[in-house]
1. In vacuum, with every alpha carbon of region 421-559 counted as one equal point scatterer, what does the Debye formula give for log10 I(q)/I(0) at q = 0.17, 0.20 Å⁻¹? Two decimals, please.
2. Under 5 Å between amide H atoms, partner at least 5 residues away or on a different chain: which partners does ASN770 have, H built in plane at 1.01 Å?
3. Using the C-alpha gyration tensor of region 98-152, what are the square roots of 5 times its eigenvalues, in whole angstrom, with the largest one first?
4. Find the centroid of the Cα atoms in region 268-302 and in region 751-768, then give the distance between the two in whole Å.
5. Which value does Rg/Rh take for region 660-724 over its C-alpha atoms, Rh per Kirkwood?
6. Out of every Cα pair in region 131-239, what percent are spaced more than 22 Å from each other?
7. For region 378-417, what does the alpha-carbon gyration tensor say about shape, rounded, prolate or oblate, given a ≥ b ≥ c as the root eigenvalues, a/c under 1.5 as rounded, and a/b over b/c as prolate?
8. Classify region 773-822 as rounded, prolate or oblate from the Cα gyration tensor: take a ≥ b ≥ c as the square roots of its eigenvalues, call it rounded if a/c is under 1.5, otherwise prolate when a/b beats b/c and oblate if not.
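The values are calculated or read from the model by the stated rules, or taken from the named source; none is laboratory data. Everything numeric in this text was worked out from a predicted model, so none of it was measured. In this analysis, Cβ positions are derived from the backbone assuming ideal geometry, glycine residues included, and neighbour counts consider all displayed protein chains. Only protein heavy atoms, including side chains, enter the accessible area calculation; ligands, DNA and RNA are left aside. Shrake-Rupley method; radii C 1.70, N 1.55, O 1.52, S 1.80 Å.
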Amino acid sequence: MERSYDHVAIEERWMKEWIGQKYWAAPTFPEGDKRYTVTMYPYPSGDMHMGHVEIFSIHDTIARYYRMQGFDVLNPIGFDSFGLPAENAAIQRGIDPKEWTYKNIDTLFSSAQRLGCSFDWDRKFATSDPEYYKWNQYFFLKFYERGLAYKKAAPANWCPNDKTVLANEQVVNGRCERCGAEVTKRYLAQWFFKVTDYADRLLDDLELNTGWTDRLKQLQTNWIGRSYGAEVEFDIDGDGSITVFTTRPDTLWGATFFVMAPEHPFAEELVVGTGKESELATFRDEVAKLTEIDRTSTERPKRGMFIGRHAINPVNDEKIQIWVADYVLMDYGTGAIMAVPAHDERDFDFARTYDLPIRVVIQPPDRELDEATMTEAYVGPGTMVNSDRFDGTSVEESVARVIDWLESEGRGKRAKNFRIRDWLISRQRYWGTPIPIVFCDDCGEVPIPYEELPLVLPENVDFNPTGEESPLATAHEWVKAPCPRCGKPARRETDTMDTFVDSSWYFHRYTDPFNDEMPFDPAKSNAWMPIDQYSGGIEHAVLHLIYARFFQKVFVDMGLAKDPEPFPALLNQGLITMGGKRMSKSRGNIVEPQEAFERFGADALRLFMLFSGPPEANFDWPEEGVDAIGPSAHEWLKRVWRLCEDNRDVVDIGELHADPADEALRRYLHRTIKIVTEDYEAFSFNTAIARLHELVNQAFRYRSVGGGNPQVMRELIEALLKMLAPMAPYLAEEQWRRLGYDTSIHFSTWPTYDPNLAIEDEVTMVVQVNGKVRDTLQVPADISEDEMTTRALASEKVQAHLGDKDPKKVIVKPPKLVSLVS
Ligand SMILES: [Zn+2]
Ligand SMILES: [Zn+2]
């Protein structure tokens with residue numbers, strides 16, 4: 001047997017064995033307690049990069065740890081293979097996206113295997129497989145039947161560079177999330193999923209996600225953006241009415257003008273006959289060039305025009321001017337607002353710019369506002385004034401009282417509003433799921449019958465975007481289809497689906513990946529769901545993580561799922577940079593996993609990654625690049641290797657517990673097991689590794705002073721290998737087998753500790769108050785000063801002598817004395 005650490009040979013051997021013998025295959029139904037672990041499936045846009053290595057290393061360590069804890073673990077992998085990255089790359093290289101995508105899948109797949117990931121490889125699928133996207137089409141039709149899929153003409157975010165429509169979530173600070181180009185607006189007839197029907201549940205159920213960070217919950221809460229208030233109807237003089245939503249109905253008496261979005265269709269109707277028609281058209285075109293961020297910014301000067309018509313304020317019958325202004329958006333609320341300049345910042349700026357009337361209707365408690373001299377809106381609390389019967393009402397009750405009155409008078413009603421919009425799923429791109437709808441001149445839009453699914457994406461299509469039409473429109477033969485209802489010649493829909501449709505339910509498919517009768521068997525899915533540990537990037541906080549929750553809730557309503565939330569625990573890994581910048585080939589600040597595998601091994605790479613810091617923290621890779629893995633990870637693994645090799649055959653027989661050195665090492669080992677287990681539970685792998693470093697040091701020290709009790713060494717090495725196994729699975733497996741085991745370490749049980757041995761060395765800590773001993777406490781010998789103070793102050797006896805006052809002075813002499821002066 002090779003005595004030196006030949007990582008290439010070892011990793012090669014065990015990779016083949018694990019995969020060939022299907023070590024990580026999960027049962028169809030979990031038999032005992034289960035853990036369903038999912039990492040967000042990758043885009044196959046090239047070979048594995050360090051971002052994959054990071055999340056796979058973290059995720060795989062968790063899955064392997066759960067297996068050793070005795071759980072049935074389902075840990076699958078698939079590929080998010082439709083979408084822009086694949087298509088853009090294919091366009092640049094002039095090759096077919098399918099060919100390119102599936103080649104990348106193979107490469108990424110074997111790299112993940114090389115990294116030692118314990119995925120259930122046989123369950124893998126790619127979302128561009130017709131066997132998968134067939135079910136996207138199935139769900140589209142189900143949603144359509146339930147009124148959750150609809151087509152409407154809408155202003156769409158348009159990326160002039162990618163020549164495609166973007167969802168709101170793909171627009172970041174007015175720019176395309178993918179390419180950074182400035183986003184413009186366009187009107188197109190497009191498909192939507194009615195996420196807004198589920199807005200309340202999406203918000204209310206957030207609290208069920210106990211394993212989410214507060215930050216993530218806050219991001220989603222803000223994105224959903226629920227607000228309460230009233231809907232109030234304003235009559236237009238002789239020409240219908242407009243409803244507005246306001247969170248401040250108590251300021252209705254201060255509404256001194258009315259504002260609509262310039263693109264509001266009603267504005268176009270109202271302006272007819274006023275002589276301002278062309279002025280409005282010009283203004284509307286100018287506003288269309290602005291981004292949503294510009295329009296809603298409080299910094300930028302606001303622009304607008306009076307359209308020559310008036311509205312009637314329903315609370316006081318006042319006739320107020322109707323304006324259009326760039327700061328009012330069509331798709332928020334009803335696209336129209338009542339302007340209350342005295343108490344709204346943007347209305348105030350607008351009123352000052354155009355010299356419009358301002359009326360104070362809320363007076364603050366500490367001063368008197370004067371419209372003539374105000375320099376900004378007052379948005380704080382106060383008392384209602386200039387508001388008829390409500391004068392004198394305090395702000396605490398004003399909103400509720402005004403709404404009650406509006407309802408009793410039939411002038412308005414209680415309402416809530418959401419910031420979240422329906423999900424625009426149409427894409428004018430080739431590489432996606434075709435939408436299963438046919439347009440017939442006689443019958444209108446007609447769903448394709450279920451038995452004709454999948455509607456397969458045609459090949460050899462010119463998919464270079466032209467900007468005007470979907471690439472599928474150029475596949476003339478494919479577009480022609482008989483109407484499923486009347487049989488006459490008709491046209492297929494040529495938009496494809498947003499890839500976030502694919503990723504909204506893939507984790508259900510893993511539980512039943514080969515089903516061709518239904519998307520998945522709910523019995524199988526319900527047996528594994530919800531996902532016990534989900535991992536992936538925080539950049540999905542409001543994209544994927546909202547859409548997948550929406551799908552889950554629809555599944556519950558369809559009887560396909562039982563859990564209201566699909567992934568109640570989520571880990572977001574940090575960002576990897578080098579020199580403070582994202583790793584990228586063009587910057588040249590990249591470390592190739594393949595080079596790391598060859599020179600140092602997958603185990604060393606994984607260990608290096610896990611040791612770099614807590615999983616959520618960002619990590620700046622050292623400038624020496626791949627070489628950095630050597631000293632900190634590879635050299636240490638060689639040390640572990642040597643410890644195992646040198647002590648496997650120790651023959652001198654000592655007596656257990658006879659020697660104080662044996663006893664001390666065993667105590668150290670059991671404390672290590674306790675602490676490392678706690679670290680694993682908290683996913684604190686870097687501190688676990690640090691502790692294992694120290695354990696190995698202790699073992700070498702023990703040997704160097706003549707310790708050699710084979711039972712003690714055997715106990716230590718077995719526990720060490722087990723604690724290392726989830727992080728460095730190859731070395732652990734090899735040394736485990738060399739110990740004589742013929743079954744895998746990865747199915748052995750996690751080491752347990754003897755509480756009597758794991759107990760920390762304790763000392764007696766004395767607590768004095770004003771010089772008198774008031775309590776004595778047993779504390780760990782290595783207790784910190786802060787912890788001493790905390791424990792002293794927590795003592796009831798001490799509290800009795802301190803009263804409810806904080807001590808004036810605290811003197812700490814570790815570890816035996818805390819002296820408090822009151
Ligand atoms: Zn773009
Ligand atoms: Zn028809």
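1. Here log10 of I(q) over I(0) equals -1.09, -1.26.
2. For ASN770, whose amide H was placed from the backbone, the distant partners under 5 Å are LEU820, VAL821, SER822.
3. Details: eigenvalues 217, 35, 15 Å².
Here the semi-axes work out to 33, 13, 9 Å.
4. That distance is 73 Å.
5. Numbers: Rg = 11.7 Å, Rh = 11.9 Å.
Taking Rg over the Kirkwood Rh, I get 0.98.
6. 59
7. Taking the square roots of the gyration eigenvalues as a ≥ b ≥ c, region 378-417 is oblate.
8. Prolate is the answer for region 773-822, as a/c is 1.5 or above and a/b outweighs b/c.
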